[in-house]
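Before any comments, here is the structure.
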Amino acid sequence: MKLRKVTAASAAVLALALAATACGSDDKDSDSADTGSGGSKKITIGIKFDQPGIGQKTPQGYEGFDVDVATYVAKQLGYSANQIQWKEAKSADRETMLQRGDVDFIAASYSINDERAAKVDFAGPYLLAHQDVLIRADDNSIKAPKDLNDKKLCSVTGSTSAQNVKDKLAPKAQLQEYPTYSACLTGVQSGQLDALTTDDSILAGYAAQANFKGKFKLGGFKMTNENYGIGVKKGSDLKAKIDTALEKMVADGAWEKAVTANFGPANYKNEPAPKIGNIVK
């Protein structure tokens, strides 16, 4: 009987200890990036891995304008650079990644539109881009969108950019679909293609690469408005905190510095930093 009492008492102590440990564990886990406290060990951010000047994975790490913006925002939320876990955010996966909680926020040339805003929330915008074309530096035959008529216009497979040009601006443009922007650029450089079209910020990023420097130029046509925002899960309190961080980034000059560093070599004539909540249609 005595042995049974000791065993029961020990079991009770063990149960209390386990309960206390579980409570402590729950408290630690609740300190997530969504609180913006920086108390958790890392923050997970979605970016593009294959867009030079915007978001690119390299042997040395991650670089690009979106990477600089995301790193600055993370710092304002209380996270150092080595606490950031980068995750590739492909265009088709971005809303799902946020809804599932795979990432805390996404900065990946993520244009704000009504369809996306119905599924996720957006902080920003932090950059106003435009659809444009990239042509050879010595090509003076394309001075306006209408000059793309009878020209071979490239875009990546699945993109609507070239079709937009054909539908609205140059109905006789000869659309060409290539699997990657790099393949389009090689075609333009060799003369097999006349122009590549997508957001001017993406085009500037490619043109700024060392191996392409001086070989291409932007048309400067501003065919659409693309308001880049930072995506967060619907209802997340991170939205307001990220907005505050973006405002500070503009105010202290870090935003302009990031633009110059990532797009400067392409002579990218960027728009001024947009005001938070001002979506240009």
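The values are calculated or read from the model by the stated rules, or taken from the named source; none is laboratory data. Source: prediction; values computed, not measured. Don't worry about glycine lacking a Cβ; one is built from the backbone with ideal geometry, like all the others, and counts go over all protein chains shown. For accessibility, only protein heavy atoms count, side chains too; no ligands or nucleic acids. Shrake-Rupley method; radii C 1.70, N 1.55, O 1.52, S 1.80 Å.
Against the conditions (1) buried (at least 18 other Cβ atoms within 10 Å of the Cβ); (2) assigned to a loop (DSSP other than H, G, I, E, B); (3) of a type in the set (A, V, I, L, M, F, W, C), where does LEU196 fall short? Just the number, please.
The one condition LEU196 does not meet is (2).
Can you name the residue in the range 115-148 that is in contact with a Leu (Cβ under 9 Å, 6 or more places away or on another chain) and not aliphatic (A, V, I, L, M) and, of all such residues, is nearest to LYS213 (Cα to Cα)?
ASP132
List the number of the failed condition for GLY36; all other conditions in (1) at positive phi; (2) at pLDDT below 95; (3) surrounded by fewer than 12 Cβ atoms within 10 Å (Cβ to Cβ) hold.
(3)
Mind telling me which of the residues GLY78, GLY46, GLY53 ends up being open to solvent by less than 60 Å² (accessible area, probe 1.4 Å), under 30 Å from GLY124 (Cβ atoms), part of a strand (DSSP E or B) and at pLDDT 55 or above? Write out each step before concluding.
On the way: GLY78 fails: part of a strand (DSSP E or B); GLY53 fails: part of a strand (DSSP E or B).
It is GLY46.
Residue check: is THR260 open to solvent by 70 Å² or more (accessible area, probe 1.4 Å), among the β-branched types (Val, Ile, Thr) and farther than 28 Å from THR58 by Cα?
For THR260, the condition - open to solvent by 70 Å² or more (accessible area, probe 1.4 Å), among the β-branched types (Val, Ile, Thr) and farther than 28 Å from THR58 by Cα - is not met.
Residues are listed down the side, and each one gets a yes or a no for (1) open to solvent by 20 Å² or more (accessible area, probe 1.4 Å); (2) touching a residue at least 24 places away in the same chain (Cβ under 8 Å); (3) part of a strand (DSSP E or B); (4) in contact with a His (Cβ under 7 Å, 6 or more places away or on another chain):
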{"residue": "LYS119", "(1), (2), (3), (4)": "yes, yes, no, no"}
{"residue": "ALA123", "(1), (2), (3), (4)": "no, yes, yes, no"}
{"residue": "TYR126", "(1), (2), (3), (4)": "no, yes, yes, no"}
{"residue": "SER159", "(1), (2), (3), (4)": "yes, yes, no, no"}
{"residue": "ALA170", "(1), (2), (3), (4)": "no, yes, no, no"}
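Which residues, counting only those in the range 214-239, are touching a Gly at 6+ places or on another chain (Cβ under 9 Å) and either open to solvent by less than 30 Å² (accessible area, probe 1.4 Å) or hydrophobic (A, V, I, L, M, F, W, C) (or both)?
ASN227, TYR228, GLY229, ILE230, GLY231, LEU238
I need the full set of residues from the range 177-210 which are polar (S, T, N, Q) and touching a residue at least 12 places away in the same chain (Cβ under 8 Å), in order please. So that I can check it myself, show each step before the final result.
Kept after step one, since they are polar (S, T, N, Q), are these residues of the range 177-210: 180, 182, 186, 189-190, 192, 197-198, 201, 209.
The answer is THR180, SER182, GLN189, GLN192, THR197, THR198, SER201, GLN209.
Mind listing whichever residues of the range 199-213 are farther than 21 Å from ASP114 by Cβ and open to solvent by less than 40 Å² (accessible area, probe 1.4 Å)?
ASP200, SER201, ILE202, LEU203, ALA204, GLY205, TYR206, ALA207, ALA208, PHE212
Assess whether VAL156 counts as being closer than 20 Å to GLY55 by Cβ, at pLDDT below 95 and hydrophobic (A, V, I, L, M, F, W, C).
Against the criterion (closer than 20 Å to GLY55 by Cβ, at pLDDT below 95 and hydrophobic (A, V, I, L, M, F, W, C)), VAL156 qualifies.
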